[in-house]
1. Just wondering, is there one or more residues in region B:61-70 that are away from DNA strand C (no atom under 12 Å from the Cβ), in contact (Cβ under 8 Å) with a residue 40 or more places away in the chain and either closer than 30 Å to A:VAL88 by Cα or among the aromatic types (Phe, Trp, Tyr) (or both)?
2. With the condition kept exactly as written, say whether any residue in region B:147-167 is more than 14 Å from every other protein chain (Cβ to nearest Cβ), buried (at least 19 other Cβ atoms within 10 Å of the Cβ) and within 12 Å of ligand 4 (Cβ to nearest atom).
3. For B:LEU10, only one of the following conditions fails: (1) free of Cβ contacts under 8 Å to residues at least 40 places away in the same chain; (2) not in a strand (DSSP E or B). What is its number?
4. Hey, B:PRO132 hits all of (1) under 29 Å from B:LYS220 (Cα atoms); (2) outside any loop (DSSP other than H, G, I, E, B) but one; which does it fall short on?
5. Residues of region A:182-220 being under 20 Å from A:THR124 (Cβ atoms) and loosely packed, with under 15 Cβ neighbours inside 10 Å, which ones?
6. Determine whether B:MET1 is more than 19 Å from B:MET138 (Cβ to Cβ), within 16 Å of ligand 1 (Cβ to nearest atom) and not in a helix (DSSP H, G or I).
7. Are there any pairs, at least 6 apart or on different chains, whose C-beta atoms fall under 6 Å, with the first in region B:149-176 and within 16 Å of B:ASP125 (Cβ to Cβ) and the second part of a loop (DSSP other than H, G, I, E, B) and among the basic types (Lys, Arg), and if so, which?
8. Of the conditions (1) surrounded by 15 or more Cβ atoms within 10 Å (Cβ to Cβ); (2) farther than 18 Å from A:ASP129 by Cα, A:LEU80 satisfies every one except a single condition; which number is it?
Number of protein chains: 2
Amino acid sequence: MASSTVENYLKHILLLSETADGLVPMGALATSLDVVPGTATTMVKALADEGLVAHRPRQGVRLTPEGRQVALTVLRKHRLVETFLVNVLKMDWAEVHAEAEQLEHAISDAVLNRLDALLGHPTTDPHGDPIPSRLGKMDSQVYATLATCVLDRPLRIVRVTDQSEEFLQFAEQNGLRPGARLRVVDRNLAAGLVNLRPPTGDPIPLSLAAAGRILVAPGK
Amino acid sequence: MASSTVENYLKHILLLSETADGLVPMGALATSLDVVPGTATTMVKALADEGLVAHRPRQGVRLTPEGRQVALTVLRKHRLVETFLVNVLKMDWAEVHAEAEQLEHAISDAVLNRLDALLGHPTTDPHGDPIPSRLGKMDSQVYATLATCVLDRPLRIVRVTDQSEEFLQFAEQNGLRPGARLRVVDRNLAAGLVNLRPPTGDPIPLSLAAAGRILVAPGK
DNA sequence: CGCGCTATTTTGATTAGTCAAAATAAATCT
DNA sequence: AGATTTATTTTGACTAATCAAAATAGCGCG
Ligand SMILES: [Mn+2]
Ligand SMILES: [Mn+2]
Ligand SMILES: [Mn+2]
Ligand SMILES: [Mn+2]
C-alpha cells in the first residue's frame, strides 16, 4: 500500500503534468509539495524503482500508467470528500481543501464508493474541479477564463482554480461560484482590470490575475 | 500535533486501563498495539517526556490528564465515524472498525462536530460502545453479560464487546445487536453453554465465552 | 569556445518508529 | 535463601522521509 507521502507525490505530479508537456521538473514538484529539491529527487528515484513514475535525470518526471491510476484514485477521493463536506456537512468551500488533503489518504475504496453513491455520482466538486470516474476518466475540457473570454456575452462560471482560503472567501462573497451567470463588460489591459456584471446587483471589479483563475463557458 | 502513532498509543492505554487498576502493563500494551515489548517501552518513555503519560518502570503506564483528553477525543472520533459509516453510508457493522481505525486520525475537530450534529449527538456507536462527549465524559456504567445475568428475565442487549469481523457477523445473523430483546433460558456451566430465547424464532445456543462478550440490561 | 548562472543531484545528518536479541529486574518456586 | 521463570528494558540496527550544504550538469551568452 502506498503511504500518504507517496500518494501526495503522485497526485502532485498528476496535477502539475496537466499544465506542461507531461514532464514535470523537479523544482516545480518540490515547490508544490513544499520540500527542498533534493528531497523530491530522492523520493522520485524511489518511486521510479517502484514503477510508479519514470524519471528523466535533469529533465523531470512523468507518471507510469500504474502511478497514474493511483494518482487518479487519490484525486477522486479528494474531490468526492470535498463534495461531501460541502453538500452534506454544509462546510464552507474555503476550508474543505485542507480537510480533504488528510482524508484522501484515510478513505478506503469501499467508503469511496458509498460516498459516491450518496452524493449521486457527481462529476465536479464544489470548486468545479472535475472528479475522475471510478475507471480513471477525467473531464479535461479546456475553458476560457474571465481574463480571456469574449466580452458582453452571457457566461456561466464552471470552475474556480484557486484553492486558497482568501480567494475562495472573496469569490463566495461576490457570488462567483460554479453555475453563476454573468458577463464581462469590459477589460482594461493597461490597468490590469476586468469588470463583471452579475444578473443583479453592482458590477464587480477584478484584477486580470484573479480573473484568470475563474473558468467560464458560454451560458444562456 | 500528535501523530497517528501517538494517538493510537494513547487510545489503547485508555481502553486497557478501563479493564485494570489504571496501570497498564507494557506487555498488554505491546500486544494490543501489535508491536514488540521493547518498542512499547521506548514509545512510552517518549510519551512520558511529552507529559502525555506517567511511566512506572517495570510496573506500567497510565495517562496524564492531558493524555487522557487526547485519547478521549480520538475515541470520540472513532466511534462517531463508526456511527456515521453504519447509519449514513449503510456499511456493515463488522467492517467499520477497520475503517474508523484510519479515519479517527484524519478527521479535524470541525468535521467531528459537524458529524456529531448530523447524527443527532449519539451517545453510543453501532456496537453499543459509549461515545465520549465533547467535554470528555463517557458513560462507564457496568453491565451484566449473557454469561452472568439472571435467568429467564426479559433483557435488552446494550453492547457487543467483540470487534472481530467473525463475531459481529455471527451476532448480526442471530439478531444479537444493541436494542434486541431476549431471555437466557438456561446455562450449563459444565458444558460451557448458554441458551437464548429471542422474542420470535428458534432458541440460540452460545458458548459461555461468547456470551461473556454481550452486555445486557433488564429490559421490558 | 569558455564562463557563469540555474536547476538538479549527491552526500551526510536527523527524526520517528520499528525489530531482534541481549541484559536486567522482579516474581515464583523449590 | 537460592535458582528459575517471566516481564521489561536496553542496545544496536534498520527504514521512510526529510533538510542543509556541497558537487555537478546544462544551458545561454559573449
Ligand atoms: Mn494529501
Ligand atoms: Mn476542489
Ligand atoms: Mn487508529
Ligand atoms: Mn465500536
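The values are calculated or read from the model by the stated rules, or taken from the named source; none is laboratory data. Keep in mind it's a predicted model, so treat the numbers as computed, not measured. FYI the Cβ positions are ideal-geometry reconstructions off the backbone, even for glycines, and counts take in every protein chain you see.
1. yes
2. Within region B:147-167, one or more residues are more than 14 Å from every other protein chain (Cβ to nearest Cβ), buried (at least 19 other Cβ atoms within 10 Å of the Cβ) and within 12 Å of ligand 4 (Cβ to nearest atom).
3. (1)
4. (2)
5. Correct list: A:ALA217, A:PRO218, A:LYS220.
6. Taking the combined requirement at face value, the residue satisfies it.
7. Partner pairs satisfying both residue conditions: B:THR161/B:ARG213; B:ASP162/B:ARG213.
8. Only one criterion in (1) surrounded by 15 or more Cβ atoms within 10 Å (Cβ to Cβ); (2) farther than 18 Å from A:ASP129 by Cα is unmet by A:LEU80, namely (2).
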